[in-house]
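The values are calculated or read from the model by the stated rules, or taken from the named source; none is laboratory data. This structure is a prediction, so every number in the text was calculated from the model and none was measured. Please note: Cβ atoms are built from the backbone with ideal geometry, for glycine as well, and neighbour counts cover all protein chains shown. The accessibility values were calculated without ligands, DNA or RNA, using every heavy atom of the protein model including side chains. Shrake-Rupley method; radii C 1.70, N 1.55, O 1.52, S 1.80 Å.
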Amino acid sequence: MQELFSRTGVRYEVALDVIGACIAHVAEGIAAELEKTTPDPVAIKLAKDAQSNLRQARENLDPNDAKAVEDAIRRYAPMGRQLWSR
């Protein structure tokens, strides 16, 4: 019988949440830039590129690859903390 919850499965959900929070924060930055009288198109492009990279990382994350899941948490959790502490 397969376990209802596995450590890797739970950690996978954590990784998705962390990356998703980063994506949401970047979206808020894009919205704030677009609200400016003179939005900076370079800043918007950079932010959209970052958002695209984050989405791709989230979509490519294999829930069965424990190492990749932990690597994603190690990589994106500090970014999330930094973004949300501003």
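Surface composition of the chain: carbon plus sulfur atoms hold 55% of the accessible area, using a 1.4 angstrom probe and ignoring ligands, DNA and RNA.
Each residue of segment 20-30 was assigned a 3J(HN,Hα) from its phi angle through the Karplus expression (A = 6.51, B = -1.76, C = 1.60, θ = phi - 60°), giving x, 5, 5, 4, 5, 5, 4, 4, 5, x, 5 Hz with x at Gly and Pro.
Please report the net charge: other residues with Cβ closer than 15 Å to the Cβ of D65, K and R +1, D and E -1.
Working: positive: R7, R11, R58, K67, R74, R75; negative: E13, E59, D62, E70, D71.
That works out to +1.
So which trypsin sites (Lys or Arg not before Pro) in segment 1-56 end up in coil per DSSP with only 16 or fewer other C-beta atoms within 10 Å?
Details: sites: R7, R11, K36, K45, K48, R55; in loops: K36.
Within segment 1-56, the qualifying trypsin sites (Lys or Arg not before Pro) (loop, at most 16 other Cβ atoms within 10 Å) are K36.
Taking a straight Cα-Cα cut-off under 13 Å and skipping sequence neighbours fewer than 8 places away in the same chain, the aspartates and glutamates within cross-link reach of K45 are E33. Only one residue of A47, V10, G20 has its Cα farthest out toward the positive end of the dipole of the chain, where Lys and Arg carry +1 and Asp and Glu -1 on Cβ, and that residue is A47. Counting charges near V18 (Lys, Arg +1; Asp, Glu -1) among other residues having Cβ under 13 Å from its Cβ returns a value of +1.
Using the Cβ atoms and a cut-off under 15 Å, what net charge is assigned to the surroundings of L34, where Lys and Arg are +1 and Asp and Glu are -1? Taking every other residue near L34 into account, the sum is -1. Helix 41-60 axis versus longest C-alpha principal axis of the chain: approximately 10°, rounded to the nearest ten. How many angstrom separate the Cα center of segment 65-79 from the Cα center of segment 1-50? Result: 14 Å between the Cα centres. For the chain, the normalised intensity computed at q = 0.15, 0.25 Å⁻¹ comes to -0.60, -1.17 (log10 of I(q)/I(0), Debye sum over alpha carbons, equal scatterers, no solvent).
Between 0 and 90 degrees, the angle of helix 66-84 with respect to the longest Cα principal axis of the chain falls at about 30 degrees. Under the simplified labelling scheme, the L46-D62 pair shows an inter-label distance of 3.4 nm, with each label point 7 Å from Cα along Cα→Cβ.
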